[in-house]
Amino acid sequence: MTPEGSLLSAEALHKAYGATPALDGAEFSVHPGEVVAVMGPSGSGKSTLLHCLAGIIRPDSGTVRYGPHDLTRLSDAQRSALRRSDFGFVFQFGQLVPELTALENVALPLRLNGAKRKEAERQAREWLERLEVDAVHGQRPGELSGGQGQRIAVARALVTRPRVIFADEPTGALDSLNGERVLTLLTDAARDTSAAVVLVTHESRVAAYSDREIVVRDGKVKDMLAGLI
Amino acid sequence: MNAIRRVRSGPAVWARDLAMGMRFAAGGGREGWIRTALTALGVALGVAVLLLGASVPSLTSAWHGREKARENLGQRHEPRPADHTLRYASADTVYRGAQIRGRLVRPDGAHPPVPPGIRRLPGPGRMLVSPALKELLESPEGKLLRDRLPYRVAGVIGDEGLLGPQELTYLARPSALRENAGYRIDHFGKAWDSPPMRTPVVLLVIMTCVALMMPVMVFIGTSLRIGNERREQRLAALRLVGADVRTTRRIASGEALFGSLLGLAGGAVLFLGGRQFASPITLWDVNVFPSDVAPGPLAAAAIAVLVPAAAVLVTLIAQRGITVEPLGIVRNRPVLRRRVLWRLALPALGAVLMLPAAGVPWTDTGLNTLRLAVGSMLLLFGVTALLPWLVDAVVGRLRGGPVPWQLAVRRLQLSSGPATRAVGGITVAVAGAIAVHMLMTGMQAGYAQAYARSGKLPQVGYWSGEDDWPRAQRALGALRATPGVTAARGVIDASAGRLPRHDASSGYDPSRHVSLAVGSCAELRRLAQLPSCRDGDVFVTHARGKGLAPGATVDLAPPAGMGPPPPPSPWKIPGTARTARVLAPPAQDAGPFVDTAYDLLATPAALPPSRLQNPLLELRIDFDRGTPDALEHLRNTAARIDPTLSEYSHLDNPHDQQLSSVRSGIFIGSVITLLLIGAGLIISTVEQLHERRRLLSTLDAFGTRRTTLSWSVLWGTAIPVALGLGLALGCGLALGALLLTLIDSAVVVDWPVVAGITGIGAGVILFVTALSLPPLWRMMRPDGLRTE
């Protein structure tokens, strides 16, 4: 059963790596425009939960609902298409393509969706301006500071106007000042576009930017507002 | 506080660090073992090639040595018949295109000399044969040859009496050997200087070695990159526990040394195993025993020392651009701006060395050979130097395109080094292969053209010393009666001189040379238009404007140019001699042995051939190609007439098979080289993918299609390979054309082969891409996103 009005939800997720369980009946939901922080200690299953929710990996059992779709029943190609069009991603180290310029990195998801280069780069430019890194649009990732690189990664996640943004420790490699700036830009931009944000972090300082916090421990999820779901 | 201990250095420290590196290589896990195995494979191939190259001098020396030992060439004076002498004559023949060396002996006494490879001479009517000839004679294919060699096989010639295991040769003792056949000798093994290797052979050896070694070196360089990340982590960990930078470099060198030493051993095994396959290979008519393929001890020792040293040196050079710090590797190599000027200097210098020779007739001197070899090598190496600049220049100008193209182009723009290094090997190999192939094709076409006229003409000539006209006539009759023979003609000819002799010198004077032919009226009518003819007539032709007139006296023993001149043997042209007009040779006689413009024609009764000095029977036979084995039947008849008759024909082009085998060898070598380079490219590509696995997982996370990244890998391989092949084609064709011009041969390009090599290059691209896809897809899995 889908929690009412939720954009993305998961029920009874189980996932194990060999004999080690990563998720053990985890439940999750997020509403449009909502920022949910997923917290927990190292190895608790936070990233696995994010990967299951985003359709990057298939859980061993359980369902992940996104609109009319059950992600666990979609083919790899269908999940990839969904990730290209509806989801955005920010990772700890940005993971920008080192050969491409900042502008080209941001335009990449649009181009993968079939957009023409000029149009993709026009839209990318807008996001670079919005995230205050337009000045470095022609530089490659190796020439950027950590904060700039992460803002480029945020712009890349937002450029397709996704409905859900998955951010896995997005400020883990940044100092607190840069981290806060990136989080502010990310959450503001998400709220402006009514995108939901799933924010995986182990820092309560980061979780403070969320509307709701859940904690993953031993593969189970605990909602800090509602108690154990 | 403890004092800081000074770091020791010296051979002991070097040995300790190298040993530690070798231990890491031996116990470095799967990646380490793969790296070690591939390095060893590359070094093994390189060592095998080097050992093979180092064997060429001893190989040719052994080959020529056996040739010298079993002949008696360069004998100045014939010994008198004695107990220890024998008459020795050549009876070479050709059987279905295969050359057969035949030697006839007739001992003068009880203790004749014996050539190597046999214990004693065969008895009358018997022969000793090489194993290959024995096999041929015993096979159904050798039926006609058995008729030609009417001797009983009494034994097999040992290896020391053969040039190679495939040689077809025999030593026979005919029941009767005519007195003037061959010459008398008292021992075998007269010293003579073997001719130096011909320029094309030297070029072939050098260019083959260069073309083979370059890809091998590239492969070694590439294999050293495998597992780089883990190695760098290990070196950083060593720094953390107190190792200094030099120590880490020595340890890294030790890792390379381990693979190199394994490769050295593997190369030796490969070489020793590979040379066993030398027996069936005949290259340029040279077929050798496996034991001949042995490098000199000095060369072998140099290879054993230099190859591992080179591996250490390569590792040290590769580490110049990085500093191993306790927390990781710092790459401190500045971005290089590739300059074109010095890169052009190498090929330009090569061209300068070669160009002055073009346009002037080629002379086969040591200096010219060296100049050609160095020029060719500089041109080939120049290609490698030009390639990185070309890739940078071309790739730097590429813009736009779909995402896969953009990803590939940008990666090359940022770092074209690894791909270019790998492709550099392709470029040299392909350019070298094309150039050598063109050289061979051009030479082959030249021979084919030369043989084309005579080869089409079903005609064979024979010549032999003969001073008896009735015997000559019997020979003509036997030849005419042979199945498939359509016509046979012949005369006994000789040289005469004008009298009085010009001066006392013994020198040959062509202006006073008179050529004469003795034959029956029927035979003379084939040469000239005779008014009438009967035995006893003589004719003057004025064919060469010698101004001979009836009644003039000619010298039948003219000075031949060697030794003291013989006493004059005057012969007066009868006053009854008439004038005859020499006929133009029949149109189909164009080609060899058609110089029938004799000054004097005589019938045997007028001038007995026994009076002539060095009389030579010249026979020309036409045959019908439609008759099965007509040529072999004809050769059998000739052998029955006189086994020492020398055949004079251009029917079998021996060069065609020689050059074809070389060309096939080059083509196979190119394919193997390209595959080796393909293997290097796969290593390089997979290693790059491995280093980018987290990025690949990220790209997969936001929905990048597999096909997008697969195409990106394809383009990333295809762009440098295409540029390398383009450059190699240009350079190879130019070099080949230059080489052919230098040796005065027509420039011929074997386009199918060029297309074939290019096609294989394209195949390598697909091969590399196809094999890179499974690791690519594996690395696109979300595992790369896991940080815990």
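The values are calculated or read from the model by the stated rules, or taken from the named source; none is laboratory data. In this text, all values refer to a predicted model and were calculated from it rather than measured experimentally. Glycine gets a Cβ as well: all are built from the backbone with ideal geometry, and neighbour counts include every protein chain shown. For accessibility, only protein heavy atoms count, side chains too; no ligands or nucleic acids. Shrake-Rupley method; radii C 1.70, N 1.55, O 1.52, S 1.80 Å.
Note on chain A: with a GNM built from Cα contacts shorter than 10 Å, the maximum mean-square fluctuation among A:F93, A:F28, A:F166 falls on A:F93. Summarising the amide proton neighbourhood of B:A91: residues at separation of 5 or more, or on other chains, whose placed amide H is nearer than 5 Å comprise B:G102, B:R103, B:L104. Taking a sphere under 10 Å around the Cβ of B:R249 and counting the other residues whose Cβ falls inside, with K and R at +1 and D and E at -1, yields a net charge of +1. The mean count of C-beta atoms from other chains within 10 Å of the C-beta of residues in B:691-701, rounded to a whole number, is 5. Rounded to the nearest 0.05, what FRET efficiency do B:R16 and B:L272 have when you use their Cβ-Cβ distance and R0 = 41 Å? E(calc), rounded to 0.05, equals 0.80. Working note: Karplus 6.51/-1.76/1.60 with θ = phi - 60° gives the stretch B:677-693 the couplings 5, x, 4, x, 5, 4, 4, 4, 5, 5, 4, 4, 4, 4, 5, 10, 5 Hz, where Gly and Pro are set to x.
Relative to the present Cα-Cα distance, how much length would full extension add between A:T184 and A:S75 at 0.36 nm per residue of separation?
So the chain would gain 35.7 nm between A:T184 and A:S75.
Between amide H atoms placed 1.01 Å from N, distances below 5 Å from B:A528 occur with B:L583, all of them 5 or more places distant or on a separate chain. Summed over both chains, the area buried between B and A is near 2700 Å², taken from the accessible surface of protein heavy atoms with a 1.4 Å probe. Full extension of the chain between B:N614 and B:S646 yields a length gain of 10.0 nm, computed as 0.36 nm times the residue separation minus the alpha carbon distance. Accessible surface of the protein assembly as shown, 1.4 Å probe: 59 percent of it comes from carbon and sulfur atoms.
Count the lysine pairs in the protein assembly as shown whose Cα atoms lie under 13 Å apart, taking only pairs 8 or more positions apart in sequence or on different chains.
For the protein assembly as shown, qualifying lysine pairs total 6.
Note on B:Q413 and B:V241: the model spin-label points, each 7 Å out from Cα along the C-beta direction, lie 4.5 nm apart. Inter-label distance, A:Y17 to A:D175: 3.2 nm, where each label sits 7 Å from its Cα along the C-beta direction.
Positive contributions from Lys and Arg (+1) and negative ones from Asp and Glu (-1), summed over other residues with Cβ under 12 Å from the Cβ of A:F166, come out at 0.
Counting only heavy atoms of the protein chains and using a 1.4 Å probe, B:H187 has close to 70 Å² of accessible surface.
In the context of the full protein assembly, B:K68 retains an accessible surface of approximately 70 Å², using a probe radius of 1.4 Å and ignoring ligands and nucleic acids. Extending 7 Å from Cα along the Cβ direction at B:V286 and again at B:R625 yields two label points whose distance is 3.4 nm. Using the 1.4 Å probe convention, the accessible area of the stretch B:86-185 works out to 45 Å² per residue with neighbouring protein chains retained. For the protein assembly as shown, just say rounded, prolate or oblate: build the C-alpha gyration tensor, square-root its eigenvalues into a ≥ b ≥ c, call rounded for a/c under 1.5, and beyond that prolate if a/b exceeds b/c, oblate if not. Here the protein assembly as shown falls in the prolate category.
Taking all protein chains together and rolling a 1.4 Å probe, B:W63 ends up with roughly 50 Å² accessible. Using the Karplus relation 6.51 cos²θ - 1.76 cosθ + 1.60 with θ = phi - 60°, the per-residue 3J(HN,Hα) values for the stretch B:486-501 come to 9, 7, 9, 9, x, 9, 9, 10, 6, 9, 10, x, 7, 10, x, 4 Hz, with x marking Gly and Pro.
Per residue, the accessible area of the stretch B:606-764 comes to 37 Å², computed with a 1.4 Å probe over protein heavy atoms only. Over what distance in Å are the Cα centres of the stretch B:746-782 and the stretch B:288-314 separated? Rounded to whole Å, the Cα centres lie 32 Å apart. Pick from A:G179, A:G142, A:G45 the residue whose mean-square fluctuation is largest in a GNM of chain A, springs joining Cα atoms under 10 Å. Comparing A:G179, A:G142, A:G45 in the GNM, the peak value goes to A:G142. Close amide-amide hydrogen proximity is noted between B:E325 and B:V330, each under 5 Å apart and 5 or more residues distant or on a separate chain (H modeled in the peptide plane; Pro and chain starts excluded). By the gyration tensor of its Cα atoms, with a ≥ b ≥ c the square roots of the eigenvalues, what is the shape of the stretch B:459-649: rounded for a/c under 1.5, prolate for a/b over b/c, or oblate? Judged from the Cα gyration tensor, the stretch B:459-649 comes out prolate (a/c at least 1.5, a/b above b/c). Each residue of the stretch A:56-61 was assigned a 3J(HN,Hα) from its phi angle through the Karplus expression (A = 6.51, B = -1.76, C = 1.60, θ = phi - 60°), giving 6, 10, 9, x, 5, 7 Hz with x at Gly and Pro.
At a Förster radius of 41 Å, what calculated FRET efficiency corresponds to the Cβ-Cβ distance of A:D60 and B:R339, to the nearest 0.05? Once rounded, the FRET efficiency stands at 0.10.
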